[in-house]
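One structure below.
The values are calculated or read from the model by the stated rules, or taken from the named source; none is laboratory data. Model, not experiment: these values are computed from the prediction. When we count neighbours, we look across all protein chains shown, and the Cβ atoms used for this are built from the backbone with ideal geometry, even at glycine. With ligands, DNA and RNA removed, areas are computed over all heavy atoms of the protein, side chains included. Shrake-Rupley method; radii C 1.70, N 1.55, O 1.52, S 1.80 Å.
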Amino acid sequence: MDLEAIVVPALFFGSVFGFPLLRRQMIHRHELEREALRRGLLPTRVTQEHPALPAPLPHVGAGDDAPTLALRLPEPHRLFALALLCRLEDTPPPAEERSRTLLSQIRLEYLPETLRAYLHLTPAGREQLRAQGRDPEGLLREQLQRLNEGLDDLLRHDHAAADRLLTQGHFLRDRFGAPHTELLSRSR
């Protein structure tokens, strides 16, 4: 089999589908950095090679929000955290109060605390984890996946919407008598 027959279509499809995704991620990252600069969360340094690049922060403060913290993560965790943030921002508020509260907690508490815990990890702390047979990056990935699964679960269980549909069905059955399928079978 000719290698060119495989590589050329793979590169073509990769560029057609991969480039828009990469471009979207870069635009989103740039917007997050601009917002952090606008809020004054990232100090700027000016050099001749790169004017107004964000300077690295010496420490992570407790007031940092999730987007700022996510930008400080190493790849691929940065992409995962940013994608999770996008899902959280794009998710419409659930009808149930309990679900709205959990969604808010994931966004404002659980995710930032997870990112802070990883970013506060010192070299000695990393060594201690490795001595226990735990990989710091693996732990972060596992925790981000748990948050993502929690969001999936939350979105799958919008109980209020299901309850409203059932209540409406009961109301219509009480109001109009027999269900529609029974009326059709009687008319035949």
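Against the criterion of solvent-accessible heavy-atom surface with a 1.4 angstrom probe, Tyr118, Tyr110 sort, most first, into Tyr110, Tyr118.
For the pair His120 and Leu3, label points projected 7 Å from Cα toward Cβ lie 5.1 nm apart. Charge tally around Asp135: other residues with Cβ under 10 Å, Lys/Arg +1 each, Asp/Glu -1 each, net +2. Between Asp152 and Ala10, the contour length at 0.36 nm per residue exceeds the alpha carbon distance by 48.0 nm. For the set Arg87, Arg175, Arg107, Arg134, solvent exposure ranked by accessible area (probe 1.4 Å, protein chains only) runs largest to smallest as Arg175, Arg134, Arg87, Arg107.
With the convex hull drawn over the C-alpha atoms of segment 66-174, the volume per residue is 104 Å³.
Between Glu89 and Leu129, the FRET efficiency from the beta-carbon distance, with R0 = 41 Å, is close to 0.85.
Spin-label model, Leu21 to Glu109: label points 7 Å out along the Cα-to-beta-carbon direction sit 3.4 nm apart.
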